[in-house]
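The values are calculated or read from the model by the stated rules, or taken from the named source; none is laboratory data. Because the structure is predicted, anything quoted here is derived from the model rather than measured. Glycine also receives a Cβ, built like all others from the backbone with ideal geometry; neighbour counts cover every protein chain displayed. Just the protein is used for accessible areas: all its heavy atoms, side chains included, with ligands, DNA and RNA removed. Shrake-Rupley method; radii C 1.70, N 1.55, O 1.52, S 1.80 Å.
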Amino acid sequence: NYEKAIEEFIKAIKAFPTDNDEDDATTLHDHLDSSLYASLHVNCAEAHLCMNQYGQCIRFANEALEVDNKIPEAYLHKARAHSALGQFEDAIVILTLGLVRNPTSEELLQQLEYAKQLFETMR
């Protein structure tokens with residue numbers, strides 16, 4: 001169940017120290033598990049995408065990319081959400097940026113070609 005998964009991901013995200021934690025000298029940016037933190041956001045984005053909650057998907061994908069801007073899945077989920085909203089130009093820009101940061105990602109390349117096709121048919 002996606003709602004339960006999102007709940008659990010958010011609980012795990014909240015367990016990480018943040019820059020606002022005054023009594024904890026370790027911040028997220030110093031934390032060894034920042035890739036886990038980003039992955040939790042990516043998983044949350046995917047769950048929201050599966051539930052057609054595109055705004056939330058985009059939000060969590062953006063938060064993942066703030067921590068690690070090389071996660072291909074974050075670009076994919078974000079672009080798919082924009083495509084679902086009919087924002088094909090935004091999806092193309094997002095996927096292009098994802099490919100700049102992940103030039104060997106076949107999945108990003110395939111999704112970019114698909115988004116371009118959708119954009120052309122909607123013109």
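If you go through the stretch 67-82 and keep only what is part of a helix (DSSP H, G or I) and either among the β-branched types (Val, Ile, Thr) or at pLDDT below 95 (or both), you end up with just VAL67.
Could you please find all residues in the stretch 5-34 being part of a helix (DSSP H, G or I), at pLDDT 55 or above and surrounded by 11 or more Cβ atoms within 10 Å (Cβ to Cβ)?
ALA5, ILE6, GLU7, GLU8, PHE9, ILE10, ALA12, ILE13, SER34
Within the stretch 113-123, the residues that satisfy the criterion of being open to solvent by 50 Å² or more (accessible area, probe 1.4 Å) and either in a helix (DSSP H, G or I) or touching a Pro at 6+ places or on another chain (Cβ under 8 Å) (or both) are GLU113, TYR114, LYS116, GLN117, GLU120, THR121, MET122.
Look at (1) at pLDDT below 95; (2) out of contact with any helix residue (DSSP H, G or I) (no Cβ under 7 Å at 6 or more places or on another chain) and you find that ALA115 fails only one, number (2). Six or more apart or on different chains, Cβ atoms under 9 Å: show the pairs whose first residue is in the stretch 46-58 and under 13 Å from ILE6 (Cα atoms) and in contact (Cβ under 8 Å) with a residue 12 or more places away in the chain and whose second is open to solvent by 50 Å² or more (accessible area, probe 1.4 Å) and of a type in the set (Asp, Glu). Cβ pairs passing all conditions: GLU46/GLU73; ALA47/GLU3; MET51/GLU3; CYS57/GLU46.
Of the residues making up the stretch 35-64, those that are assigned to a helix (DSSP H, G or I) and surrounded by fewer than 19 Cβ atoms within 10 Å (Cβ to Cβ) are SER35, LEU36, CYS50, GLY55, GLN56, ARG59, ASN62, GLU63.
A quick yes/no check of all residues on (1) touching a strand residue (DSSP E or B) at 6+ places or on another chain (Cβ under 9 Å); (2) of a type in the set (Ser, Thr, Tyr); (3) within 28 Å of GLU7 (Cα to Cα); (4) crowded, with 18+ Cβ neighbours inside 10 Å:
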residue	(1), (2), (3), (4)
GLU66	no, no, yes, no
LEU76	no, no, yes, yes
SER83	no, yes, yes, yes
THR96	no, yes, no, no
THR104	no, yes, no, no
GLN111	no, no, no, yes
